[in-house]
1. Would you mind stating whether residue 7 is on the phi < 0 side of the Ramachandran plot, among the aromatic types (Phe, Trp, Tyr) and modelled with pLDDT of 95 or more?
2. With respect to the numbered conditions (1) in a helix (DSSP H, G or I); (2) over 11 Å from the mean Cα position of the chain (by Cα); (3) not charged (D, E, K, R), which one is the sole condition not fulfilled by residue 36?
3. From 3, 8, 37, grab the single residue that is in contact (Cβ under 8 Å) with a residue 40 or more places away in the chain and charged (D, E, K, R).
4. Please find, within the range 31-47, the residue that is nearest to residue 10 (Cα to Cα) out of those that are of a type outside the set (Gly, Ala, Ser) and surrounded by 16 or more Cβ atoms within 10 Å (Cβ to Cβ).
5. Condition first: touching a helix residue (DSSP H, G or I) at 6+ places or on another chain (Cβ under 9 Å) and assigned to a helix (DSSP H, G or I). Can you find one or more residues in the range 19-28 that meet it?
6. Hey, can you tell me all the residues within the range 47-80 that are more than 10 Å from the chain's Cα centre (by Cα) and hydrophobic (A, V, I, L, M, F, W, C)?
7. Report, by residue number, each residue of the range 48-80 that is assigned to a helix (DSSP H, G or I), aliphatic (A, V, I, L, M) and surrounded by fewer than 16 Cβ atoms within 10 Å (Cβ to Cβ).
8. Does residue 78 fit the bill of being within 14 Å of residue 5 (Cβ to Cβ) and among the basic types (Lys, Arg)?
Amino acid sequence: MSDNFVFDTIATLLRSRFSVPAELIGPGTRLAELDLDSIGLVELAVALEEHFDVDFTGRVITMEDRLGELADRLTAERAR
């Protein structure tokens, strides 16, 4: 599992920018469960790229991704 900072940052972003209720956010939660549309998914990817200074070009974030998996990917990307 990723460090808590990355997951907590994703959770904060989802709550503040996308108005996702805190009780819906957990490591096993799929993005599809958060009622994001395709534009929201792109906005989330861009926000994460900007916040963590990473590049998701060539990597796909899908509605089936779990938040914990996304945090793990970001943690790995930050370590590069």
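1. Values: on the phi < 0 side of the Ramachandran plot: yes; among the aromatic types (Phe, Trp, Tyr): yes; modelled with pLDDT of 95 or more: yes.
In short, yes.
2. Single failed check for residue 36: (1).
3. Values: 8 fails: in contact (Cβ under 8 Å) with a residue 40 or more places away in the chain; 37 fails: in contact (Cβ under 8 Å) with a residue 40 or more places away in the chain.
Step by step, each of 3, 8, 37 is checked, and only 3 is in contact (Cβ under 8 Å) with a residue 40 or more places away in the chain and charged (D, E, K, R).
4. In the first step, residues of the range 31-47 are kept if they are of a type outside the set (Gly, Ala, Ser); the result is 31, 33-37, 39, 41-44, 46.
From the residues that got through so far, the ones that are surrounded by 16 or more Cβ atoms within 10 Å (Cβ to Cβ) too are 31, 34, 36, 41, 44.
On the way: 31: 11, 34: 13, 36: 14, 41: 13, 44: 9 Å.
Among those residues, the one meeting the criterion is 44.
5. Start the filter on the range 19-28 by keeping residues that are touching a helix residue (DSSP H, G or I) at 6+ places or on another chain (Cβ under 9 Å), which leaves 20-22, 24-28.
Filter once more, so that each one left must be assigned to a helix (DSSP H, G or I): 22, 24.
The answer is yes, given that some residue of the range 19-28 is touching a helix residue (DSSP H, G or I) at 6+ places or on another chain (Cβ under 9 Å) and assigned to a helix (DSSP H, G or I).
6. Within the range 47-80, 52, 54, 56, 60, 63, 76, 79 qualify.
7. Step one: list which residues in the range 48-80 are assigned to a helix (DSSP H, G or I), which gives 48-52, 67-79.
Then keep just the ones that are aliphatic (A, V, I, L, M); that gives 48, 67, 70-71, 74, 76, 79.
Within the range 48-80, 76, 79 meet the criteria.
8. Values: within 14 Å of residue 5 (Cβ to Cβ): yes; among the basic types (Lys, Arg): yes.
For residue 78, the condition - within 14 Å of residue 5 (Cβ to Cβ) and among the basic types (Lys, Arg) - is met.
The values are calculated or read from the model by the stated rules, or taken from the named source; none is laboratory data. All of these numbers come straight from a predicted model, not from anything done at the bench. Here Cβ is always computed from backbone atoms with ideal geometry, including for glycine, and neighbour counts include all displayed protein chains.
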